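A quick write-up on the structure given underneath.
Just so it is clear, none of the values below were taken in a lab; they were calculated from the coordinates. Model, not experiment: these values are computed from the prediction. FYI the Cβ positions are ideal-geometry reconstructions off the backbone, even for glycines, and counts take in every protein chain you see.
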Amino acid sequence: MAEPPVLPPRPRSWLPAWAAAALALLYAAGHDLELSFEDLAYGLDDMVEYFGRYRAPDFAGVPGMLVLMMQTLATAFWGTMLAIVLGGLLAPLAARNLSPARWTYLTARELLNLMRAMPDLLLALVFVAALGLGPLPGVLALGVHTAGFLGKFCAESMERVEPGVYDGLAATGATLPQRIMYAAWPSVLREAAGYVLVILDRNVRMGAVLGLVGAGGIGLALHETLRLFDYARSSALILVMLVTILAMDALSSSLRRRLG
Amino acid sequence: MLRFPTPDGRPPRSLVLVALILAGLLIASAPLVEVNPRSLVGAGPRLLEFLGHLWVMPDWSYLPDLGRRMLETIEMAVIATAIALVLSLPLAVLSARTVSPHPWVFALGRSLLALIRALPELVWALVFVSAVGLGPLPGILALAVVTVGFMGKVFAEAIEVVDPRPVEGVAAHGARRWQVLGFAVLPQALPDLLGSTLYVLDHNVRAAAILGLVGAGGIGYDMVMAMRLFEYDRLVPIGAAIWLCVTLLDRASHRLRARVING
Amino acid sequence: MAMAAVELRGLSKRYPSGLLALEPLDLDIEAGAFVAVVGSSGAGKSTLIRLINGLESATSGTVTVDGVGLRAGTLRRIRSGVGMVFQQFNLVGRLSVITNVLTGRLAQRSTLGSLFHLFRQQDLEIAHAALARVGLVDKAWERADRLSGGQQQRVGTARALAQQPRLILADEPVASLDPVTAIEIMELLQDINRRDGITLVVSLHQVDLVRRYAGRVLGLNAGRLVYDGPATGLTEGVLRDIYQRPSRVNSGVEATRGAPLSDA
């Protein structure tokens, strides 16, 4: 009987190398941050006890909390509207197949990236420093930051539209604004509406914490109650926040489903 | 006389409805947000004035500290993402309708994931700072918790839409439950996970930059302090450093994701 | 009018990759003609047609439509007088049929109102008439993407008609349609050509349709015009010239056409 054929040499897998590198990186990072497992282990015990302090929410101040939550929702709503206006204006310019010139395309795209990169809370800090305390800086911060996302998503949607649709409009002699309003936006409307809902959702979440920089909303109240070790009130606040955010989530999900 | 391209010449009904609702909501909520002609008109000049303050020479001596802080921020994000990755896998398995041991476990798991995901990272950070004190640890915990909520859901969904045929194939040969999991389900769901991980890492660096606001580590703290102390010569370097990091990471993850998708 | 509808002088197109899609071409198309452009895939039919209304930009040479030279400043004016029908119909699916037809009027109305989908009564009447001409008035308010292929192509034709053009270009208008529907569309185009006197330049790959509808035929092979004559002149030999894949070395033929040689 002949010998069975020899198996070809096993191909070298890079996976162990990648895994080892990742672990080494993590260890280095943890070391640099002076994290220790002992701290964490001891801390866990403490944490169980700590979270137990939240189990009896005090709903006495709920009306006031609801007002704050309404302010948060209003901030999120106005911020989203601002994002629609800013993002909507920039999106066609940031679409490679629509932008009138290469420099307008690059400028619009980089502007949108800039708006996206700055975390909105830090933007809110800046706006508060410039305009003073209140919800308006929050609206501006949310609007500018999420305009970056909305603009980018819509621009990418417009780039994905079949080029023939744009050709059809161009062949009639339509101007660029007309091509944008008849070929671009109608073709991406459904996707754009979905993006707006995602952004709205996110803005409600962020709006809740804008208060921490003085930009209105319920976050500041939580900061206060925690500072005063009032866990009962804190847990009530967190519950109010949770319920509102989940309700907005459910609303936007069902709206997105109806869009199909 | 201008008309719309509709049978009656008026704008389509659904459009009018949406416009009215939006306008109504905007007007109703305007006082809550303090949006009025006076505040808006004043905003422009004040913003410009503020921008004028930023037009100063950066504080070069601050740069090494800035670098350290940014590194801390990134490390927080990386560690939190890694922890979340490890924790979300078992949770995802429990929360996937197709492989969960019991429908109640599935329902509980999914609800838990939705709940922890709902609260913003900063709220979690507030809570953890209150629990373990200041520093990067509460920040890492806060990021990890929210990330588990997100990745758990994504991964559970990836498991649910796995092609059932290889699963049948492995199970038909008498494999035990965990073997089916390891050899048929997870290998299919894994590539999705990688793309989500990169997206989450990107998001977490941004989030980590903010957590310092409440003392949970990272560059956010420096930014608040610089603002409070009117140290405008630090604001621009901080802003630039954040922008640079986020942008670089964004491009890198974009390219990595493209490589992963194309095998 | 004695002036030609379309004049091409030294028109050529070379892609950045180096591919020569169309060799320098001199051509006159007289008003009211029904011209078919034929050739195998990649022969340059689409390129030639799209060069006429500027959807492709020429590497060299000029295009003159109704006495107006095609360049950046005159692009919109020329396009508004030139309708186009596409192989993939190129309608905006989400918009209604009537709105799609109305986009043919946009070049005449570059005002703010048009951006909000507002039109004058006059435009609506022109669009209505165009839809009636193609027999689709009853579908006016429906979404364009809910129509069949043949119906969508008729909407595309109505859009071109709404421009009240002197010239209609058609880039493989029936390639995506079944044979029966294809005939319907060709009949429609022929009717437009005969009754309204609109010049028609159509690229087709179905030779039987060419024989049946075209007056003049332009045959392209690998970017070179190898036939320019009546549809009746499409003999076996001519068809072979048009559709046969060219060999690598063509220098002999090029020399007789007088095209400039790069060396020797």
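When you filter the GluC sites (Glu not before Pro) in the stretch C:1-110 for DSSP loop state and at most 16 other Cβ atoms inside 10 Å of their Cβ, you are left with C:Glu30.
Charge tally around A:Gly173: other residues with Cβ under 9 Å, Lys/Arg +1 each, Asp/Glu -1 each, net +3. In this calculation the C-beta distance from B:Thr98 to C:Glu30 is compared with R0 = 56 Å, giving a FRET efficiency of 0.20. Neighbour counts of other Cβ atoms within 10 Å put A:Trp78, B:Trp178 in the fewest-to-most order B:Trp178, A:Trp78. With the convex hull drawn around the C-alpha atoms of chain A, the volume per residue stands at 299 Å³. With a cut-off of 13 Å between beta carbons, the residues surrounding C:Arg143 carry a summed charge of +2, where Lys and Arg count +1 and Asp and Glu -1. For chain C, the share of DSSP beta bridges that are antiparallel, to the nearest 5, is 55%. Note on the stretch A:1-141: Kirkwood radius taken over Cα pairs, Stokes-Einstein applied at 20 °C and 1.002 mPa s, translational D equal to 97 µm² s⁻¹. Computed per residue of chain A from DSSP H runs no shorter than four, each worth -39500 (n - 2.57), the mean residue ellipticity at 222 nm is -25000 deg cm²/dmol. How many angstrom lie between the Cα centre of the stretch C:79-122 and the Cα centre of the stretch B:6-23? After rounding, the separation between the Cα centres reads 21 Å. In the protein assembly as shown, the DSSP beta bridges split such that about 55 percent are antiparallel, to the nearest 5. The ranking of B:Leu108, C:Leu177, B:Leu113 by Cβ neighbour count inside 10 Å, starting from the fewest, reads B:Leu108, C:Leu177, B:Leu113. Applied to the stretch B:43-53, the Karplus parametrisation 6.51 cos²θ - 1.76 cosθ + 1.60 on θ = phi - 60° returns per-residue 3J(HN,Hα) values of 5, x, x, 5, 4, 4, 4, 4, 4, x, 5 Hz, with x for Gly and Pro. Bridging of A:Lys152 to aspartates and glutamates at a Cα separation below 15 Å is possible for A:Glu110, A:Glu191, B:Asp250, once same-chain residues fewer than 8 apart are set aside.
Here the 3J(HN,Hα) profile of the stretch B:159-173, calculated from phi with Karplus coefficients 6.51, -1.76 and 1.60 at θ = phi - 60°, is 5, 5, 9, 5, 5, x, 5, x, 4, 4, x, 5, 5, 4, 8 Hz, Gly and Pro shown as x.
For chain C, the alpha-carbon coordinates run over 64, 41, 38 Å along the three principal axes, in decreasing order. Convex hull of alpha carbon positions in the stretch B:207-263: directionally averaged projected area 4.3 nm².
Dividing the convex hull volume of the alpha-carbon atoms in the stretch B:65-261 by its residue count gives 112 Å³ per residue. Computed per residue of chain C from DSSP H runs no shorter than four, each worth -39500 (n - 2.57), the mean residue ellipticity at 222 nm is -10000 deg cm²/dmol.
Separation of the stretch B:198-234 from the stretch A:170-243 is 20 Å, based on Cα centroids. Taking a cut-off of 21 Å between Cα atoms, list the lysines near C:Lys13, but don't count ones fewer than 8 places away on the same chain. Here the lysines satisfying the reach criterion relative to C:Lys13 are C:Lys45. Amide H contacts under 5 Å for B:Thr6: none, restricted to partners 5 or more places along the chain or on a different chain, H placed in the peptide plane at 1.01 Å from N. Each Lys and Arg adds +1 at its Cβ and each Asp and Glu adds -1 at its Cβ; summed about the Cα centre, chain B shows a dipole of about 700 debye. Rounded to the nearest 500, the 222 nm mean residue ellipticity of chain B from helices alone is -26000 deg cm²/dmol, with -39,500 (n - 2.57) taken per DSSP H run of at least 4 residues. For the protein assembly as shown, the orientation-averaged shadow of the C-alpha convex hull comes to 48.7 nm² (one quarter of the hull surface).
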